[in-house]
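Trainee: Right, I'll just put the structure down here and ask away after.
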Amino acid sequence: MQPMGRTNRLPRVSRDCRSVFVCLLCVLSVSVPVAAQSTSASRTAWGAPDLQGLWNHGTITPLERPADYGDRELLTDEEVAALNLASETRATSERRSSLTREQDVALAYNQFWWDRGISVGRTSLITDPNNGRLPKRTASAEAYLATDEAQRLQAAKRGRVPAHGPEDMDLGDRCLVYRPVPITSSGYNNHVHVLQSPGYVVIFQEQIHDVRIIPVTDQPVLPDQVRQWLGVSRGRWEGDTLVVETKNFYEQADYLGSHVNRRVVERFTRVAEDVIEYAFTVDDPTVWTASWSGMVPWRPAEGPLFEYACHEGNYGMTNLLTSSRAEEKKQ
């Protein structure tokens, strides 16, 4: 896979990526009055809540509450400090000397490249249900996970059995999608650039440079057969909160086992100059017995936002499939 990079340390940006992003900025600015240059801290020139800027959503808080916390929702200050310290030294040379070969390979990079974020002070990102855990899966979803095909796909993604083709691999390995909807955090590249113009909000994601163009004006409802990797999003303002409803996901756009029937409602609220509260609700009655919700704060990040060149010089997919064919010959 292509080496990952922290936003302010990548050495170069491809001409194509710069051109696309500059064009996007130009398109957005066409309908923006000149007065937009002097927008207030909380409102755009046309009066909409201002969400613009470069933000980081990285966090070490897990999606689900670990069993060790029981019913606890909040962490103590001491626990937060300890978790943040452990995150900061996760891949330091001092620690790596004591790791097994497997553990060292799993870390993949030294501390310079990691951007894991900090604890949000809760034991889970999930806020509903109250136990901080995903709802139970439906009987049909459980039945599918037990099928031979589902087991084979999971094993192929983990490199335990040969992959039939690139479609068996994770979307990130295929350089298609790394941040699904809802937006999730990982160990690096947790930046988004939010842009606005009258009637539109754009979310430009650092990882694999995915762009979501979200209309906040009346738009026609797209037919069910129109499906996209990041779904079809429609936004509206509820007071100072941007509410975005997304559905029409492509069949292979998997998120925790949910794809074509997934419906996500995101809520973006700038609760302070340096905080966007990102809350989301996920619903898929074919996968979970109830909908569930989570929240993570976004913090300002340093820029500029450089290209994530996932395909350039990437021999990962070729090598993975070559290894699969070699394994098959041994059988």
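Every read-out reported here was derived from the displayed coordinates using simple, explicitly stated rules and does not represent laboratory data. Bear in mind the structure is a predicted one, so any value in this text is a computation, not a measurement. Backbone-built Cβ (ideal geometry, glycine too); neighbour counts: all protein chains shown.
Trainee: Remind me, relative contact order of the chain in percent, using alpha carbon pairs under 8 angstrom and six or more residues apart?
Mentor: In percent, rounded to a whole number, it is 24.
Trainee: Using only the alpha carbon atoms of the chain, find the Kirkwood hydrodynamic radius as the inverse mean reciprocal pair distance, in angstroms to one decimal.
Mentor: Kirkwood hydrodynamic radius for the chain: 21.8 Å.
Trainee: At R0 = 45 Å, how high is the FRET efficiency between Glu142 and Arg299 if r is their beta carbon distance? Nearest 0.05 is fine.
Mentor: 0.75
Trainee: Just how many pairs of Lys in the chain have C-alpha atoms closer than 26 Å, counting pairs that are eight or more places apart or on different chains? Could you put the intermediate results ahead of the total?
Mentor: Numbers: Lys136/Lys157; Lys136/Lys247; Lys157/Lys247; Lys157/Lys329; Lys157/Lys330.
So the count works out to 5.
Trainee: Of the beta bridges DSSP finds with both residues in the chain, what % are antiparallel, to the nearest 5?
Mentor: 95
Trainee: Restricting to Cα pairs below 8 Å that are 6+ residues apart, what does the relative contact order work out to for region 176-267? Please round to a whole percent.
Mentor: 21
Trainee: Pairs of Cα atoms under 8 Å, at least six residues apart: use those to get the relative contact order of region 42-143, whole percent.
Mentor: 43
Trainee: What's the ranking of 306-319, 197-210 by average number of surrounding C-beta atoms within 10 Å, highest first? Don't jump to the answer; show the numbers that get you there.
Mentor: Details: 306-319: 15.2, 197-210: 19.9.
Ranked by mean Cβ neighbours within 10 Å, highest first: 197-210, 306-319.
Trainee: What does the net charge come to around Ile214 if you take all other residues with beta carbon closer than 11 Å to its beta carbon, with K and R at +1 and D and E at -1?
Mentor: Once all neighbours under 11 Å are counted, the net charge is +1.
Trainee: Considering only Asp173, Asp50, Asp224, give the residue with the highest GNM mean-square fluctuation for the chain, with springs between Cα atoms whenever their separation is below 10 Å.
Mentor: Comparing Asp173, Asp50, Asp224 in a Gaussian network model of the chain, the most mobile one is Asp224.
Trainee: Would you mind putting 121-128, 83-90 in packing order, based on average other-beta-carbon counts within 10 Å, highest first? Spell out each step's value before the answer.
Mentor: Values: 121-128: 19.6, 83-90: 13.9.
In descending order of packing, they fall as 121-128, 83-90.
Trainee: Can you check what the Kirkwood hydrodynamic radius comes to for region 76-118, Cα pairs only, in Å to one decimal?
Mentor: Across region 76-118, the inverse of the average 1/r is 11.2 Å.
Trainee: What nm value, rounded to one decimal, do you get for the distance between Thr89 and Leu107 when each label is placed 7 Å out toward the C-beta?
Mentor: It is 1.2 nm.
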